[in-house]
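K.L.:
Below: one structure in structure tokens.
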Amino acid sequence: MEFKDILAISGFGGLFKYISQARNGIIVEGFEDKKRMNAFAHYKVSSLNDIAIFSDSGEIPLRKIFKTIQEMEKDGPSIDSKTDDAKLKEYFAKVLPDYDRQKVYLSDIRKLINWYNILQKNGYNNFEEEVKKEEEKIDEETHESKEHALPDKKETSLKQKQSVQKKPKEAQRKQVKQTTKTRKKT
């Protein structure tokens, strides 16, 4: 499972994984209870890949924050999300020292730590794989485009350039009339 397939749904606690597309939404499965449900189109569904935390240096993707927590805890669970407020703020300051204290609320920190603990408890601990795959895809695409690129042709005449241009509208209309006449005959 990829990090982009892990979803948070507003109004529902916990995390969900994407299963399939449905006619009127998506089918998701809860990480903790393993129950499937239909997340209707009017639900606010966010991929963890799209979530970031504000910091003084810009937005930090959630994946990088989870990786930092994982390194701090040596692949173990994090602090409990129901811990004292002061301890949570102190812990998060160790994880991300320059987080924006005006924009990142205590509820955001609780939710983030809870999500990390859910993922860790269910065996998901690969937060760096996405970056490597994306870099490899970009490298492959640029390599393929260089191989398939056509050689530059410096000698193109004015006639060739004009033939590439679109036909005037009148010529297009005549062509359409001719094709409709041939269809009627058959």
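Just so it is clear, none of the values below were taken in a lab; they were calculated from the coordinates. In this text the structure is predicted, and so the values were computed from the model without any measurement. In this analysis, Cβ positions are derived from the backbone assuming ideal geometry, glycine residues included, and neighbour counts consider all displayed protein chains.
K.L.:
In nm, to one decimal, how far is the modelled label at Lys4 from the one at Ala22, with both set 7 Å along Cα→Cβ?
P.N.:
2.3
K.L.:
In what sequence do Tyr99, Tyr116, Tyr43 fall when counting other Cβ within 10 Å, fewest first?
P.N.:
Tyr43, Tyr99, Tyr116
K.L.:
Any idea how far apart Lys94 and Tyr43 come out in nm if each label point goes 7 Å out from Cα toward Cβ?
P.N.:
That separation, rounded to one decimal, is 3.5 nm.
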